[in-house]
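Since the structure comes first, as structure tokens, the remarks are kept for the end.
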Amino acid sequence: MNCTKIQEWISLYIDEQVDEVTKEEVKKHLIECEKCKAEYEMMLEAISLCKELPMIDLPEEFEESLHEKLVDVQKSKYKKSIKNMNWKAFTSIAAMLVIGITSMSLFNFTKDIPKEEIASMNIDYSKQKQLDTEKNVENEEIPEKKSEENKKDTKDLNTDVKKYLLQKNNDNPKDSVTSKDILEEESTNPTQEQLSKIDFYAASEETLPVKNYRMQQANQHIRYKGFMTINISSHELIQIVQNIGGNLETSKDYNMEDIKTKMNFSPTEEMVVYIPKEKLSEFEKKARELGEVKKYFIENEDITRNYENILQEIKNLQNQKIKLKEEMNNHNDSEQIKKIQEEIKKVNENIDELKEEVKNLNEEIQFCTICVSLYDE
Amino acid sequence: MQEKSLIHKSQQGHIESFENLIKNYQKLAFNIAYRMLGNIEDAKDATQDAFLKAYKNIDQFKEESTFSTWLYKIVTNTCLDVLRKKKKIKIYSYDQNIETEKGKVLREIADEENTPEKIVEKNEIQKHMQQAIDSLSEHHRSVIILRDIQGFSYEEIAKILNCSKGTVKSRINRARQALKKIIKSGELFDKDYVKI
């Protein structure tokens, strides 16, 4: 059992969200592996620090000021409803009057004409109605055309994305799963995220100042991480990062320890920053303008296999779901159906979990993680 | 049963019933907002906005979930909106460190001597924990607050955040990893305070 997989389970293990088999595996591993045990204990510590955060009381005037606001809302709501009511009352009275008058006049009118004529009038009336509806159809055609145009637009986008993905997966063997399959199965409309990813690929290839940079094939997923030593303050660094649209959040995390040991370095202060890949050279330029960069190093890691494994796993689960659904249709026993439904629910959960993983990986692919060490001099 | 009749009366616009209805939940709602936004002023505004939204739209409350879950959902979404707007304006957050001649100071200290925050957050570790939470991404922050600070179940969190249980599982794991890393690196605060 490898440590990466265990560390993915630690959080669920703590909350008792894993099945018995996994629970035993994790338990066993934590006895054997010092590193994972330390990670586990640190996570427990972080959770208990969260739990210790106190509940704070509502600000003093909270309820009073809320009450005033609620009264304001009620007043405006009430005003509106009065307006609506008046209007409704007015129209209904008017409608009743109109009906009353017309029916009375019709009544008077029909008294004087023979029955055959009334019958032909009815026919005329129905003809008129038919004509009216035809007119309506004509009128409605225009918006329909418009929506067709819209559809065309999205269709064009669709084919663009498909083309891109096809090209992206050209080299793959036929049986392997591609993100195209997954995407097609999930939704035919490309999201903005997928589209921007295409732009990103185009932009990144020229601008990356990566040392051991190799030609990136279209179907490869590369994660970049790096290291910088510079004599600016953390405040200045924050400003640079914010100006070029990077961020400081340690949200997409993976281990930077290996890089630090590789560089044999223990700095006084460190920050982890996330820089959009296409802005990397801009980041470097600005940093060099402000301070003296002692070390700067970016390395890449091919996570294509990892990425594709997850996609494959999603595909497998989706197949499993289809089979389960078929099985469910063949059963009549409500107990059995319930059981299968439970299983489908579990499979769905797994699929969602993996999709979230893919999303996280996509984020990691788009940003370059740099561990910046700040020294005073 | 009583809650049902309060909901019914609130749907007819009865303010007092609505106030009674939220009475048991408003403190927790406010605390979610406080941890999400990091300061009392913003938390108060966001909570009140959320309650007003709930009052206006209580007709739309379907009894698929409990009222409290529905209310916390509105509160969380309102906070997420506030955070997104803040991000756009790109102002420095309260807790960002600033440099002075004497060294690094916390931005919030200057005008904070007697504010309730100062009194409430007696404990330095707690204060720095809030800073660590502030530095998480929106999604990670919300799951940490709901799960580890307020103790909601995975199912409840899925309902509040309108996503599947699988997503919640994965997100909680990621968020905890991130939080752990922040605490460990102590990148946002001095290492003397948090010893792990």
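The values are calculated or read from the model by the stated rules, or taken from the named source; none is laboratory data. For clarity, every value in this text was computed on a predicted model and none was experimentally measured. Positions of Cβ are generated from backbone atoms using ideal geometry, with glycine treated the same way; all protein chains shown enter the neighbour counts.
Values for this structure:
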| item | result |
| --- | --- |
| In the stretch A:1-35, residue nearest to B:Arg171 (Cα to Cα) [restricted to those that are more than 10 Å from chain B (Cβ to nearest Cβ) and of a type in the set (S, T, N, Q)] | A:Thr4 |
| Of all residues in the stretch A:14-27 being of a type outside the set (Asp, Glu) and free of Cβ contacts under 8 Å to residues at least 24 places away in the same chain, the one that is nearest to B:Val168 (Cα to Cα) | A:Gln17 |
| Residue among A:Phe283, A:Phe297 that is out of contact with any Lys or Arg (no Cβ under 8 Å at 6 or more places or on another chain), of a type in the set (Phe, Trp, Tyr) and more than 27 Å from B:Ile172 (Cα to Cα) | A:Phe283 |
| Test for A:Arg305: is it in a helix (DSSP H, G or I) and modelled with pLDDT under 85 | yes |
| Pick from the stretch B:13-44, criterion assigned to a helix (DSSP H, G or I), farther than 25 Å from B:Gly151 by Cβ and not hydrophobic (A, V, I, L, M, F, W, C), ranking: nearest to the other protein chains (Cβ to nearest Cβ) | B:Glu19 |
| Qualifying residues in the stretch A:331-377 (those that are assigned to a loop (DSSP other than H, G, I, E, B) and more than 12 Å from chain B (Cβ to nearest Cβ)) - the one farthest from the chain's Cα centre (by Cα) | A:Glu377 |
| Output for the stretch B:58-79, where each listed residue is without any contact (Cβ under 8 Å) to a residue 40 or more places away in the chain and assigned to a helix (DSSP H, G or I) | B:Gln60, B:Trp70, B:Ile74, B:Asn77 |
| Condition check for B:Asn57: more than 26 Å from B:Ser185 (Cα to Cα), at pLDDT below 55 and not basic (Lys, Arg) | no |
